[in-house]
Amino acid sequence: MLRRLAIVSHTLPPSPGGQATMIERLLLGGDAPQPVLLCSDRKASGPADARPQSWLRCHTPWVLRKLRQFRRLHAALFGADVRIRSRRIAHAAHAAGCHAIVACTGGDLIDLPAAVAAGRQASLPVFLHYFDDYRFQWRIPNPAWHEETAAAIGESVEAGVLEHAAGVIVPNEILADDVRARTGVPVAVIRNPIDTELAARLRRDAEASPPLVPGERTVLYTGSVYEAQGDALRRCAAAIEMLRHRGHALRLHVYTAEPVERVRAQQLPPSVVIHSSVSGTESATLQTRADILFLPLGFQTRYPELIRSSAPGKFGEYLASGRPMLVHAPADSFPAHYAARFSCGAVCDQPATELLAATLLRLLEDETWTKGLVERAVAASTEFAVATNRQAYQAFIESHIR
């Protein structure tokens, strides 16, 4: 029997964000009962009339948010927020007849400990979905919590949630090994899924489509732009400028939901064309028409551990696009490791502009090499199919509900 789940996350469908999209693909549709979606973001995006019937809020009360301006109260406020939110989660899960709770990492650090506390209150198993490594998310500057608070309680909070978890879901093997080193609870690798049928149709359509920019080769990046991508994007822009001075008509195009001023704050030069975000289908269509797809992860960030185990949602989409992918990321990061292991993408794992420019140029000029990368990438993309990962997700949770 497939069980009903309560899903706790800072972002949920119909929000257009990557994590919300992954949750939708794994949990909505299919044969499983409709989950209860508990959103911890009081400003959750997405039209209200498009939300599933079981979409509810469990955000921090107004009074606690106001009290956060007093930094000396942060440690006490964290505990109070956990207690209040856990009661809301427990009540919603119990009222809906849920069999388990799944808490997702993300922008709200309260979600995991609150969900674990709710599980104890409602006598329900709690699974943790690590879209990113929760331990090191505490190192990312967060306007809700002072950095001293984060440094003081972050590691101990994760130890507590892992101790009481029924299982942990992660998107790649690197993060799986990291989590297994901290806990004995079951860990399952479930890929960030993609619609492989849509990808196949878009690849066919792209064969008869004109180039994105007539007379110019396009390097395309679709996704967030902040510290985690900043120096890699700047280096790509510099490498492209180097090639343009040598006579190659090439330009970097970025499609992102981030405000333009925030993108420019990453010191990208004016030569980079910044576009507003598009729908998931439009993004996938653009990917099939670009000359090169660029996947950046920073070499100079305050959280190298997060970079190492990061699994960008676009990775599977890039593999399935039918276009060559260039991963510019540290050698020990998941995308660089995967692309190199399966020879399904060009990899520049050194922060060197000349080397990156040479890799770009080879992708443009070495047709045999590039074709082989694309063929192996499309074959590898089947591992990220929605149906495969949804089935594995359900099977993992079913097998660990006592």
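The values are calculated or read from the model by the stated rules, or taken from the named source; none is laboratory data. Here the structure is a predicted model, which is why all the values come from computation and not from measurement. Please note: Cβ atoms are built from the backbone with ideal geometry, for glycine as well, and neighbour counts cover all protein chains shown.
Could you list, in sequence order, the residues of the stretch 18-73 that are touching an Asp or Glu at 6+ places or on another chain (Cβ under 6 Å) and not polar (S, T, N, Q)?
LEU64
None of ALA100, ALA144 is among the hydrophobic types (A, V, I, L, M, F, W, C), over 20 Å from VAL179 (Cα atoms) and at pLDDT below 95 except ALA144. For LEU28, the requirement of being touching a helix residue (DSSP H, G or I) at 6+ places or on another chain (Cβ under 6 Å) and either under 25 Å from PHE396 (Cα atoms) or touching a residue at least 60 places away in the same chain (Cβ under 8 Å) (or both) is not met. There is at least one residue in the stretch 244-267 that is touching a strand residue (DSSP E or B) at 6+ places or on another chain (Cβ under 6 Å), among the hydroxyl-bearing types (Ser, Thr, Tyr) and closer than 26 Å to GLY46 by Cβ. Among the residues of the stretch 136-156, those identified as in contact (Cβ under 8 Å) with a residue 60 or more places away in the chain and assigned to a helix (DSSP H, G or I) are PHE136, GLN137, GLU148, THR149, ALA152, ILE153.
The one condition from (1) surrounded by fewer than 21 Cβ atoms within 10 Å (Cβ to Cβ); (2) out of contact with any Ser or Thr (no Cβ under 9 Å at 6 or more places or on another chain); (3) within 22 Å of ILE401 (Cα to Cα) that LEU64 does not meet is (3). Determine, yes or no, whether ALA208 is in the same structural domain as ILE292 (by TED's automatic domain parsing), aliphatic (A, V, I, L, M) and over 22 Å from VAL327 (Cα atoms). Yes; evaluated as a whole, the condition is true for this residue. In summary, PHE78 fulfils each of the numbered conditions (1) over 22 Å from SER399 (Cα atoms); (2) at pLDDT 95 or above; (3) of a type in the set (Phe, Trp, Tyr) with the single exception of condition (2). Check whether at least one residue in the stretch 61-78 is outside any helix (DSSP H, G or I), of a type outside the set (Asp, Glu) and in contact with a strand residue (DSSP E or B) (Cβ under 9 Å, 6 or more places away or on another chain), and report yes or no. So far as the stretch 61-78 goes, yes, one or more of its residues are outside any helix (DSSP H, G or I), of a type outside the set (Asp, Glu) and in contact with a strand residue (DSSP E or B) (Cβ under 9 Å, 6 or more places away or on another chain).
The set of residues from the stretch 39-86 being in contact with a Leu (Cβ under 7 Å, 6 or more places away or on another chain) and within 24 Å of ALA151 (Cβ to Cβ) comprises LEU64, LEU67, ARG68, LEU73, LEU77, ALA80, ASP81. Condition check for ASP108 on (1) acidic (Asp, Glu); (2) farther than 24 Å from GLU317 by Cα; (3) in contact with a Phe, Trp or Tyr (Cβ under 8 Å, 6 or more places away or on another chain): one failure, at (3).
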